[in-house]
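In what follows, a single structure is set out as structure tokens and then discussed.
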Amino acid sequence: MTLCKDLVEGRIRFYWTSQSGALLSPMMATLQEAAEWWTAFQFSQYEGPERRCSIIDRRSDHDKRRRFESRDANPMGRRTTDRPVRVDCDMATPKIDLINRMETSLEAVDRPAH
């Protein structure tokens, strides 16, 4: 799965796609929403016996994570859902850069010559 960040209708959106590029999730406004959707999706796909009572990682709480880091245990957790998600495909930044360059060019054209 790939986490994408894109500029859609003037807003930053996050969404998940399959390896083939098919859209798997709805468009989401925040990285946190995308992380929560991914965690719920991963848990829904698991078919083995589940021992964890909650899909929320106890290490996601800053104070609890700090306590875990002070121990020898792995502070990031063992499961992939315990690790922070990262944007794999950022399509928003190039679009924003292009818009900024276009605005700068228009401003230069609109400025009166001295």
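List of remarks:
- Low-density loop positions, GluC sites (Glu not before Pro), the range 1-47 - DSSP coil, at most 14 other Cβ in 10 Å: E9, E47
- If the segment from V109 to T2 were pulled out straight at 0.36 nm per residue, it would be longer than the present Cα-Cα gap by 34.5 nm.
Bear in mind these aren't lab numbers, they're just calculated from the coordinates by the rules spelled out. The structure presented is a predicted model; accordingly, all values stated were derived computationally and were not measured. Note that we place each Cβ from the backbone using ideal geometry, even for glycine, and neighbour counts take in every protein chain shown.
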